[in-house]
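A short write-up of the structure that comes next.
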Amino acid sequence: MLSARIPATSANLGPGFDCLGLALNLFNTITVEKSSNWEIRLSGKYTADLPVDESNLVWKTILYLWEKVNYPTPKLTLTLENNIPPARGLGSSSAAIVGGLVVANSLAGNPFSQLDLLQMANELEGHPDNVTPALYGGVTLAVETAKGILPRVLNENPYIDVLVVIPEFLLNTSKSRKVLTSQVSRSDAVFNIAHAGLIIEAFIRGDYTLLKEGMRDRLHQDQRAALVPGLPEALSSALNNGAYGAALSGSGPTLLAFLAPEYTQDVAEGMVKTFANHGLNAQAYPLEISPRGAHIL
């Protein structure tokens, strides 16, 4: 038997579109056992609508890696414990992809390095902002180069609390990306480059007072606000109640706030109330940044 643990992730962090992300201490677990039959079993909080046939993303990813090394496919029972909510902007698909790669690589005798796995994960997911922290942990920057993704861990275990507020509706990444314009102005591009620099400095130096200004964005959040009722007001509420900074988590609808622990209750209540004023139920969860990415237990 072999098990792997994979963290939820939050991407973009405001201005770092498709390049900044972090791992959270909310985990999916994949357990693999040799069996006389091929089977997928589901457990955990989020199992609705997950396939248990060959279309399952974890299984497809396992086969993807094995095909690269001509590894013979054994009969397995795959148990997927799903605690990361799907279609909420918390990296559920990245967790499935990264988890499948880590499990497949281990069963095949680890023919690929961690960096190799990152390139495969990026190819399968299509962007590196979630798969990088899912694999490496901490707060990460993913840089696309001519040789592939260059990962940098900005801070493995920053001393800062995280709050996620999850509205109770689904928002697929593909739908959320369709509202984005294909071109941006030079001034907006410069704005985001400069503000992403503040995010990087905040986590390298541990100066979280930079996050209030640093997490401002002009490339995606305003356009996605139409898909998340109450988004601007909820972000403002977080800041007004003491958060260092707040942003849409990935493509949404979840919101992410960084804060000191003494502000957790006020920030959570304010954001949940704001969504309620826009007709949405929402749940707030205090979390921490996970220093570990996907790993074999």
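The values are calculated or read from the model by the stated rules, or taken from the named source; none is laboratory data. Because the structure is predicted, anything quoted here is derived from the model rather than measured. No Cβ is skipped: glycine too gets one built from the backbone with ideal geometry, and neighbour counts run over all protein chains shown.
Scan segment 264-297 residue by residue and report those that are of a type in the set (Ser, Thr, Tyr) and within 18 Å of Glu233 (Cβ to Cβ). Steps first, please.
Of the residues in segment 264-297, the ones of a type in the set (Ser, Thr, Tyr) are 264, 274, 285, 290.
Listed by number, the list holds a single entry, Thr274.
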Of all residues in segment 3-40, how many are of a type outside the set (Gly, Ala, Ser), modelled with pLDDT of 95 or more and in a loop (DSSP other than H, G, I, E, B)?
-> 4
Members of segment 233-253 found to be hydroxyl-bearing (Ser, Thr, Tyr), buried (at least 24 other Cβ atoms within 10 Å of the Cβ) and touching a strand residue (DSSP E or B) at 6+ places or on another chain (Cβ under 7 Å), listed by number | Ser249
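Results for (1) modelled with pLDDT of 95 or more; (2) buried (at least 19 other Cβ atoms within 10 Å of the Cβ); (3) under 24 Å from Gly91 (Cβ atoms), shown as yes or no for each residue.
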position: Asp207; (1), (2), (3): yes, no, no
position: Leu219; (1), (2), (3): no, yes, yes
position: Ala225; (1), (2), (3): no, no, yes
position: Leu231; (1), (2), (3): no, yes, yes
position: Thr264; (1), (2), (3): yes, yes, yes
position: Ala268; (1), (2), (3): yes, yes, yes
position: Gln283; (1), (2), (3): yes, no, yes
position: His295; (1), (2), (3): yes, no, yes
Given the conditions (1) among the β-branched types (Val, Ile, Thr); (2) touching a helix residue (DSSP H, G or I) at 6+ places or on another chain (Cβ under 7 Å); (3) surrounded by fewer than 24 Cβ atoms within 10 Å (Cβ to Cβ), report the number of the one that Ile62 does not fulfil.
-> (3)
Single condition Ala48 does not satisfy, out of (1) farther than 21 Å from Val162 by Cβ; (2) surrounded by fewer than 15 Cβ atoms within 10 Å (Cβ to Cβ); (3) in contact (Cβ under 8 Å) with a residue 24 or more places away in the chain | (3)
Output the qualifying pairs, or none if there are none: Cβ atoms under 7 angstrom, residues six or more apart or on different chains, first residue in segment 136-153 and on the phi > 0 side of the Ramachandran plot, second residue surrounded by 14 or more Cβ atoms within 10 Å (Cβ to Cβ) and of a type in the set (Asp, Glu).
-> Gly137/Glu156; Gly138/Glu156
